[in-house]
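Novice: Before I ask anything, let me first share the structure, which is written out below as structure tokens.
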Amino acid sequence: MTDSDATEGRGRGLLGGGSSSDEASSDDGRSSGATSGGSSGLVAKKNRVREWVLLDGNRLVVAGVVLAGVLAVLAGIERLGLVPLDRNQPVYYVFSALISGNLTLITVVVSINQLLLGREFHSPGELESEIRNVIDYRREVEEHAGEIAPVKPLGFLQLLYENTRRETHRIDGMTFGAVGEETRSEVDEVVESMTDHAERVLDLLDDSSANTFDVLSVTLTTNYAGDINRIRRIRANHSDDLPESVTDALDTLVDHLQKVDVARQYFKSLYLQEELSSLSRVLLYAGLPAELFSVVVLLGLTARQGTGITPYAHLLLPITVTLAFLPLALLLSFIVRTATVTERTAATIPFTTAKQEQ
């Protein structure tokens, strides 16, 4: 039976005893509203869980959740007798695969470090050109803001959005002259949307302890290509009607949005370098203990007469296999977030993707 059928059934049950049709409609409406509210609440909860796993959650905690799931599965199938562990030979195969797999992860770490080092190797001319471009970009932002820009990503992005909000307020207070009501409403709709968005972002950025990812995460939902396209359409369709002051202000607003996208892409490169460096370090820290523990347990199970760990093999094996999955769980938790960030920032203005606009 579908949710709507169940709702209608509950409504008919409430109508027993000669209730009026108005009461029936009211009860059906409340039941339908409750069902709709519950469904939307469930969807919102699923989205929050998904975003926590993909982006918001601490990567070490996400890896811990993955390991807890692995341990629960292994312990469950062992308790059910699906894995009797009567023979040692298959256990040796499993441990050999896990040990060699973790050694492969060490190779991955070395490759990642080589990638990061390769990005840092520049000739003096390349470094000078890159620094000059960043300084020129910073000066342009400061000219619009009328103040010196902060050096940290959080403060710099705040300044960019304050510039955007200031420009939208200026456009909102302009006189449009004899412009038609339809044209004015189109401009007002864009301006109101950008003002609300800028204020939401500034509220999210109002945290002095935010790191590079926190700053980047508030810009992942859009690159403003759609907003810029709407402004360009307004200019193209009503360029003869709009006062020059309004068209200049719209051009300035587009320029601010483009600068936000430039900052977003630059902060993404900073974040990826930080995240991959952290991944390399964490994998090395976790890989050695995981390898050592796996080797010790494996060697302990090879004794002909048994050792002190033999009587506890049924308890130790699920725990040991889970710990052997630690490097893989860490790799999964970090790569999921870096892949999500890359996917949601793949396009740059003037183009966008469906993932960026969700």
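Novice: Need one number: the % of Cα-Cα pairs in region 146-220 sitting beyond the 19 Å mark.
Specialist: Tail of P(r) above 19 Å: 44 percent of Cα pairs.
Novice: Same structure again: How big is the Cα convex hull of region 212-358 in projection, averaged over all directions, in nm²?
Specialist: 11.7 nm²
Novice: Enter the accessible area of Leu60 (Å², nearest 10), with the probe set to 1.4 Å and all protein chains included.
Specialist: 100 Å²
Novice: Here is a further query. With all protein chains present, how much of the accessible area of region 96-191 (probe radius 1.4 Å) comes from carbon and sulfur, to the nearest whole percent?
Specialist: Percent of accessible area from carbon and sulfur atoms in region 96-191: 56.
Novice: Probe radius 1.4 Å, ligands and nucleic acids left out: which of Ile319, Ile148 has the largest accessible area, and how do the rest follow?
Specialist: From most accessible down to least: Ile148, Ile319.
Novice: If you average 1/r over every pair of different alpha-carbon atoms in region 81-217 and take one over that average, what Kirkwood value in Å do you get?
Specialist: One over the average 1/r among Cα pairs gives 20.9 Å for region 81-217.
Novice: Roll a 1.4 angstrom probe over the protein heavy atoms and tell me the percent of accessible area of region 201-262 that is carbon or sulfur.
Specialist: Carbon and sulfur atoms account for 39 percent of the accessible area of region 201-262.
Novice: Find the percent of Cα-Cα distances in region 238-308 that exceed 22 Å, and round it to a whole number.
Specialist: Cα-Cα pairs of region 238-308 separated by over 22 Å account for 63 percent.
Novice: So how much accessible area does His169 have, in Å² to the nearest 10, using a 1.4 Å probe?
Specialist: 100 Å²
Novice: Residues of region 128-257: accessible area per residue at 1.4 Å, in Å²?
Specialist: So region 128-257 comes to 53 Å² accessible per residue, rounded to a whole number.
Novice: How big is the Rg/Rh ratio for region 229-271, C-alpha atoms only, Rh by Kirkwood, two decimals?
Specialist: A ratio of 1.19.
The values are calculated or read from the model by the stated rules, or taken from the named source; none is laboratory data. Owing to the predicted nature of the structure, the values given are computational and were not obtained by experimental measurement. These accessible areas exclude ligands, DNA and RNA; they are computed on the full protein's heavy atoms, side chains included. Shrake-Rupley method; radii C 1.70, N 1.55, O 1.52, S 1.80 Å.
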